[in-house]
Amino acid sequence: MDLNNLSIFNMANTEMAYLTERQKVLATNIANANTPHYLPQDLEKPSFANVLRTSLPMTVTNEKHLSGLPSRNGGFRLYTPKSDTALTIDGNGVVLEDQMNEASKTKSDYNRVLTIYGKYKTMLQTANTKINA
């Protein structure tokens, strides 16, 4: 059985891919904390509608019915958040404490999704064992 065909696993994979990419962006921000004129970046969180659209494909009878939903590209948009703190003398906008805090939250979120993924996998394996017995 291919677990990626099940919507819960597909959504978990999408979330883990986002969190992995976000961790890379945060690590880049931390690595550039002393780079002059560097502004921290972040990834835009995929909307719930976009996750549903990529994991649960819908049949559209008219293109205008779902015009408000994001595109199906599944990519993550990199952006520079508006800073609420002053830049350093050399124009750097990275606040290490904030970046480390965000990296910690991202790690916790990843572990949460990984736990959910594992629990559902175990549940399916248990159900499959009961059927075959």
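Side notes on the structure shown:
- Summed residue charge, Cβ within 11 Å of GLY93's Cβ, Lys/Arg positive, Asp/Glu negative: -2
- The length gained on full extension between LYS119 and ASN10, counted as 0.36 nm times the residue separation minus their Cα-Cα distance, comes to 37.8 nm.
- Segment THR129-ALA17, length gained on full extension (0.36 nm per residue, minus Cα span): 37.3 nm
- Computed from the C-beta positions of ASN111 and ASN34, the FRET efficiency with R₀ = 41 Å rounds to 0.85.
- Karplus-derived 3J(HN,Hα) values for segment 89-96, using 6.51 cos²θ - 1.76 cosθ + 1.60 with θ = phi - 60°, are 4, 8, x, 7, x, 7, 9, 4 Hz; glycine and proline are entered as x.
Taken together, the values in this text are just the output of simple stated rules run on the coordinates, not laboratory data. Values in this document were obtained by computation on a predicted structure and should not be read as measured data. A quick note on method: Cβ atoms are made from the backbone with ideal geometry, for glycine too, and the neighbour counts reach across all protein chains shown.
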